[in-house]
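> Quick one: structure below, then a few questions.
The values are calculated or read from the model by the stated rules, or taken from the named source; none is laboratory data. Every value quoted in this text rests on a predicted model; they were computed, and no experiment measured them. For neighbour counting, all protein chains shown are included, and Cβ atoms are generated from backbone atoms with ideal geometry for every residue, glycine included.
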Amino acid sequence: MKERSIRVRDVMSAPAVTVDESTPLGAVAELLGRKHIKRLPVLSKGKLVGIVSRANLVRALASCAPAQLDAQPSDDQIRSAITKELDGHRWAMVADGLIVTDGVAHCWGAVRSEEEREAILAAAARVPGVKGVKDHLEYPVAFTPL
């Protein structure tokens, strides 16, 4: 039985699966799950500095304030995030055409193609906190003098 073994090689996988001390916790969690292991040695410059376990990750998650886990960004924060997401794209709509109400982004303005429409709506939808996106985009109307 491995628990009663005397040598490390009898209880550890080879080669050892390790992480660097700067490895993000998400990557550590993914590695623990993918490799079906419960603990990972943590290295710094090739030297062992600790061990991180599944229990450590659960404790870290539990220590987060519930408000941090469930907090919904304000409409202003969502609008700013969408504006930032659209910034710099040639197809981006004018920021004045974006209204966020109760987490729903309303996109107003003119588009030149369906691809532009889809890109704007997709960019808005992928911002955290967005509950929905309403399409008010339209093609410009050309007026000809009589």
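> For a quick check of your reading of the model, give me the residue pairs whose first member lies in region 88-102 and is over 12 Å from residue 130 (Cα atoms), whose second is in a loop (DSSP other than H, G, I, E, B) and hydrophobic (A, V, I, L, M, F, W, C), with beta-carbon atoms closer than 8 Å and at least 6 apart or on different chains.
Listed pairs, sorted by first residue: 91/111; 93/111.
> Tell me yes or no: at least one residue of region 76-83 is more than 30 Å from residue 119 (Cα to Cα) and either in contact with a Gly (Cβ under 6 Å, 6 or more places away or on another chain) or modelled with pLDDT of 85 or more (or both).
Of region 76-83, the ones more than 30 Å from residue 119 (Cα to Cα) are none.
Within region 76-83 (the criterion being more than 30 Å from residue 119 (Cα to Cα) and either in contact with a Gly (Cβ under 6 Å, 6 or more places away or on another chain) or modelled with pLDDT of 85 or more (or both)), the answer is no, since none of the residues qualifies.
> Would you check if residue 40 is surrounded by 14 or more Cβ atoms within 10 Å (Cβ to Cβ) and of a type outside the set (Phe, Trp, Tyr)?
Numbers: surrounded by 14 or more Cβ atoms within 10 Å (Cβ to Cβ): yes; of a type outside the set (Phe, Trp, Tyr): yes.
So residue 40 fits the description; yes.
> Related question: Filter region 120-146 down to the residues that are touching a residue at least 40 places away in the same chain (Cβ under 8 Å) and assigned to a loop (DSSP other than H, G, I, E, B) and list them by number.
Filtering region 120-146 for residues touching a residue at least 40 places away in the same chain (Cβ under 8 Å) gives 123-124, 126-130, 137.
Across region 120-146, the qualifying residues are 126, 127, 128, 129, 130.
> On the given criteria, is residue 43 without any contact (Cβ under 8 Å) to a residue 60 or more places away in the chain, outside the structural domain of residue 134 (by TED's automatic domain parsing) and out of contact with any Phe, Trp or Tyr (no Cβ under 8 Å at 6 or more places or on another chain)?
Details: without any contact (Cβ under 8 Å) to a residue 60 or more places away in the chain: yes; outside the structural domain of residue 134 (by TED's automatic domain parsing): yes; out of contact with any Phe, Trp or Tyr (no Cβ under 8 Å at 6 or more places or on another chain): yes.
When the stated conditions are applied, residue 43 passes them.
> Could you identify the single residue in 67, 55 that is surrounded by fewer than 12 Cβ atoms within 10 Å (Cβ to Cβ), assigned to a helix (DSSP H, G or I) and modelled with pLDDT of 85 or more? Show your work before the answer.
Details: 67 fails: modelled with pLDDT of 85 or more.
Result of the check over 67, 55: 55.
> Right, another one. I'd like the residue in region 89-119 that is exposed (fewer than 15 other Cβ atoms within 10 Å of the Cβ) and part of a loop (DSSP other than H, G, I, E, B) and, out of all such residues, is modelled with the lowest pLDDT.
Checked region 89-119; the qualifying residue modelled with the lowest pLDDT is 94.
> Looking at the structure I just gave you, is residue 30 out of contact with any Asp or Glu (no Cβ under 6 Å at 6 or more places or on another chain), exposed (fewer than 13 other Cβ atoms within 10 Å of the Cβ) and at pLDDT 85 or above?
Answer is yes for this residue.
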